[in-house]
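Visitor: After the structure tokens below, expect a handful of questions from me.
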Ligand code: BGC
């Protein structure tokens, strides 16, 4: 048994139900600090999600204000993704160099600044600069926040802490859809208050900054920097009931090889190949199975399925996609530490693959033109029902579990870089899917496109079955041992 496992054994505060109900003064202290950690994660995820969802509602107003052509519309839309890709690539080095806390302060500051730039942009070029800056903030926070949660959460609550990040993303998307739905019913969508919508992101940006100010630094990072006394002080405050010395010893043991962060090249070394493969593979499968094609283009899919008015499409998108996404993520959070990662992933992919196959069949009965005026057909209703199953299956599996596993498979030495690389690849894959979905539909048709996503679900299922190990209820140090034992 590792010393960390020893430190946790028999500790009543570590039971899965104890976060909200810890009794006694030490319990209250632990709860308060873990709530701060959780708040950092929730706000960072909310920023990510709001940004994913808000642009479709803001675009009509932006287009009208700056007379944008199609090319510029795409630039305004996609430069957040580019910024996020860049942000996630530097985030690993930042969070290893500056520390997790200061990296999140920086992310909050970037996000706030970018939102203000968008809010006040005098022309399209400045608006794009603002979008890029916000994107960097999103990318940095998307790496730093779950990493921070993985390092501060107790082992048996870690899954829930990291999947709370996913919950926050879904709430952010949902809120953005709600705002969009309001705009659609406004009398003039083109004069919609797009500046306020984009600028409003400064509020959670500032919130992230303020919460990160009071949040504790990660003891694992402090140990990496040879600052054991400070690590001890933080651990005592955050988890007073744990045997701090044993806990820090186990961290030290896992950092023993080298106390400095590994150089970029080391992440590709043979010894880290398995965790790297698992993290990158999951990042790619999360995207190529089609989630963001649905998130971004739900409105158009529902239009082809016969939902005639903007208002009806907005309602279906908000509740069938946005609302179901939040609810099913809540279910995942409740079960991730009991059921485990593998079962959730494998079960979710079955639901996703089957529902995509059905959507493909339904689109065989939907003609590309003339549906909108006719109202939803049986095939249209089947499409909505199947997409609800798809979103629910994604939200209790690949959505939260992929981020959880990415943040727990790497050894401390390469964790910052590994998480950053996997996150960047996730953004890259998201960019490709959302960029080419409509072209793919144009080239091979809707049915074939959905069947292609379904095929990726099958491939993903087989790959996960043979490659991804179970990591529930193991300390980060135990997971690391698993790799060395297996190679
Ligand atoms: C994915 C996002 C996606 C979101 C949907 C996240 O886990 O990384 O790309 O938009 O889930 O809820």
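Visitor: Output the residue which, of all residues in the range 58-79 that are surrounded by fewer than 17 Cβ atoms within 10 Å (Cβ to Cβ) and outside any helix (DSSP H, G or I), is modelled with the lowest pLDDT.
Guide: Here the residue is 69.
Visitor: Test each condition in (1) at pLDDT below 85; (2) within 15 Å of residue 389 (Cβ to Cβ) for residue 297 and report the one that comes out false.
Guide: Result: residue 297 fails condition (2) only.
Visitor: For the structure I just gave you, tell me whether residue 428 is modelled with pLDDT of 85 or more, surrounded by fewer than 22 Cβ atoms within 10 Å (Cβ to Cβ) and either within 29 Å of residue 343 (Cβ to Cβ) or touching a strand residue (DSSP E or B) at 6+ places or on another chain (Cβ under 7 Å) (or both).
Guide: So residue 428 fits the description; yes.
Visitor: Which numbered condition trips up residue 360, out of (1) under 15 Å from residue 447 (Cβ atoms); (2) within 16 Å of the ligand (Cβ to nearest atom); (3) modelled with pLDDT of 85 or more?
Guide: (2)
Visitor: Another question, then. Of the residues that make up the range 398-409, is at least one part of a helix (DSSP H, G or I), modelled with pLDDT under 90 and more than 30 Å from residue 158 (Cβ to Cβ)?
Guide: Within the range 398-409, none of the residues are part of a helix (DSSP H, G or I), modelled with pLDDT under 90 and more than 30 Å from residue 158 (Cβ to Cβ).
Visitor: In the range 239-264, what residues are farther than 12 Å from residue 412 by Cβ and at pLDDT 75 or above?
Guide: Matches in the range 239-264: 243, 244, 245, 246, 247, 248, 249.
Visitor: Could you name every one of the helices (runs of 4 or more DSSP H) located completely within the range 127-227 that has at least 1 residues being within 17 Å of residue 40 (Cβ to Cβ) and either modelled with pLDDT under 90 or in contact with a strand residue (DSSP E or B) (Cβ under 7 Å, 6 or more places away or on another chain) (or both)?
Guide: Hits in the range 127-227: 158-185, 202-214, 219-224.
Visitor: Hand me the list of helices (runs of 4 or more DSSP H) wholly inside the range 250-347 holding 3 or more residues that are crowded, with 17+ Cβ neighbours inside 10 Å and within 16 Å of the ligand (Cβ to nearest atom).
Guide: 273-288, 291-304, 324-339
Visitor: Does any residue of the range 435-453 turn out to be free of Cβ contacts under 8 Å to residues at least 60 places away in the same chain and within 16 Å of the ligand (Cβ to nearest atom)?
Guide: Taking every residue of the range 435-453 in turn, at least one turns out to be free of Cβ contacts under 8 Å to residues at least 60 places away in the same chain and within 16 Å of the ligand (Cβ to nearest atom).
The values are calculated or read from the model by the stated rules, or taken from the named source; none is laboratory data. It should be emphasised that the depicted structure is a prediction, and the values quoted were computed from it without experimental measurement. Neighbour counts run over all protein chains shown; Cβ positions are idealised from the backbone, glycine included.
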